[in-house]
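First up is the structure itself, then whatever we jot down about it.
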Amino acid sequence: MRTFTIKSILAAMFVVAGVATAGHATAQNQTQQSGLTPEHFAQLDRDGSGGVSKAEYEQFMRESYTKMDANGDKRLTKNETANVLTSEQFDSVDVNKDGVVTEEEFMTQVSRDFDRYDYDKDGVLTQ
Ligand SMILES: [Ca+2]
Ligand SMILES: [Ca+2]
Ligand SMILES: [Ca+2]
């Protein structure tokens, strides 16, 4: 069974966003729907509604993608993500295995993760 989870990618994206993390955020609190720390949750919940909508989540992910894409060519390479993603994580997002993660591939993957994470399927991650 693959162990790729939203937590690991999401945790990596918090590093990109410069949000303090205590090491690699490995599910400190399994009882939370999102498994996010309050700090991370606040970072995602832009309008402070107490829930993270898919739009907020995707906005955060797009911004993270842009930050990782150092040369701005809309293609992420392993070099550009070396400090953030493990080789395994990179490969899991690089669906067509061409060694490049396009924004489309990235968003497809993280969007799928959101859906998987949203257990009650109401389109909102709650804490
Ligand atoms: Ca690039
Ligand atoms: Ca690719
Ligand atoms: Ca939900």
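Key figures
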{"item": "Within the stretch 37-50, considering residues that are touching a residue at least 60 places away in the same chain (Cβ under 8 Å) and surrounded by fewer than 18 Cβ atoms within 10 Å (Cβ to Cβ), the one nearest to VAL19 (Cα to Cα)", "result": "PRO38"}
{"item": "Selection count, the stretch 75-127, where residues are surrounded by fewer than 17 Cβ atoms within 10 Å (Cβ to Cβ), within 15 Å of ligand 3 (Cβ to nearest atom) and under 15 Å from the mean Cα position of the chain (by Cα)", "result": "3"}
{"item": "Any hit, the stretch 81-94, residues being more than 18 Å from ALA11 (Cβ to Cβ) and within 16 Å of ligand 1 (Cβ to nearest atom)", "result": "yes"}
{"item": "Subset of the stretch 88-127 (residues that are more than 10 Å from ligand 2 (Cβ to nearest atom) and either among the β-branched types (Val, Ile, Thr) or in contact with a Cys (Cβ under 8 Å, 6 or more places away or on another chain) (or both))", "result": "THR108, VAL110, VAL124, THR126"}
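Since every read-out is calculated from the coordinates, none of them should be taken as a lab result. Since the structure is predicted, the reported quantities are computational estimates derived from the model, not experimental observations. Ideal geometry is used to build each Cβ from the backbone, glycine not excepted, and the neighbour counts take in all protein chains shown.
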